[in-house]
1. Considering lysine pairs in region 15-131 that are 8 or more places apart or on different chains, how many have Cα atoms under 15 Å apart?
2. Which listed residue (ILE104, ILE44, LEU56) has the Cα farthest towards the positive end of the charge dipole for the chain, taking +1 on Lys and Arg C-beta and -1 on Asp and Glu C-beta about the Cα centre?
3. When only DSSP loop residues count, what GluC sites (Glu not before Pro) in region 1-63 have their Cβ near at most 14 other Cβ atoms within 10 Å?
4. Counting Lys and Arg as +1 and Asp and Glu as -1, each charge on the Cβ, what is the dipole of the chain about the Cα centre in debye, to the nearest 20?
5. Which of these values of Rg/Rh (Cα atoms, Kirkwood Rh) was calculated from the structure shown: (1) 1.06; (2) 0.99; (3) 0.95?
6. Name the aspartates and glutamates eligible as straight-distance cross-link partners of LYS13: C-alpha to C-alpha under 20 Å, and not fewer than 8 places from it in the same chain.
7. Cα axis of helix 15-36 to longest principal axis of the chain: angle in degrees, 0 to 90, nearest 10?
8. So what is the relative contact order for the chain, in percent, with contacts set as C-alpha pairs under 8 Å and at least six apart?
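No lab work stands behind these numbers, since they all come straight from the coordinates. Note that the coordinates shown come from a computational prediction; the quantities given were computed from them, not determined experimentally. Note: ideal-geometry Cβ built from the backbone for every residue, glycine included; neighbour counts use all protein chains shown.
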Amino acid sequence: MELIKFEKKFETKIKEIDEQHKVLFEIFNKLYSLLLSPHSLNEIQDILNKLSEYTLFHFASEEKLMEHYQYPKLDEHVNMHHSFIEKVETFKLKYEMGDMLLNIHIFTYIYDWLTNHIIFVDKDFANYTFKQ
C-alpha cells in the first residue's frame, strides 16, 4: 500500500536528489504497509535498517552537493540530517526492546520529517543551486 507518492510538490529538479527521494518514499511506503498488517519484529527491523542505510547514503550525496555549491546553510542542514538518523536509531532500539506502541510514532515522525524536509529544506538548497 502506498501512502505517499512522489509528486511535483516534492521535486527539487536535481535529478540525483529526486531519484533518491523516490527510493526513500518507497522504503517509507513499505514501512507503512508493514505497520498496517500483521508483521514480525524482524520485518520492521529490516525495513528500519534499510531506511537507516539508504538515508545515510542519501544524506552523504546531498551534503557532497552542498559542499560543492558552498551552500551557506550546510551546517544547519547536516544537523537536521544527524537528528533524523539519531531518531530513527532510537526507534530501532526501542522497537527491538519490544515497544510495540512505537509503530505510530515511527510512522508519524518519518512521514512528517520526510515531507517537510523535502518541501522546505531541500527545495531551499535546490533553489540556491539554480541561482549559482
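1. 12
2. After comparing all options, I get ILE104.
3. GLU2, GLU7
4. Charge dipole of the chain: 340 debye, to the nearest 20.
5. Answer by label: (2).
6. GLU26, GLU62, GLU63, GLU67, ASP122, ASP124
7. 20
8. The normalised contact order for the chain reaches 33 percent.
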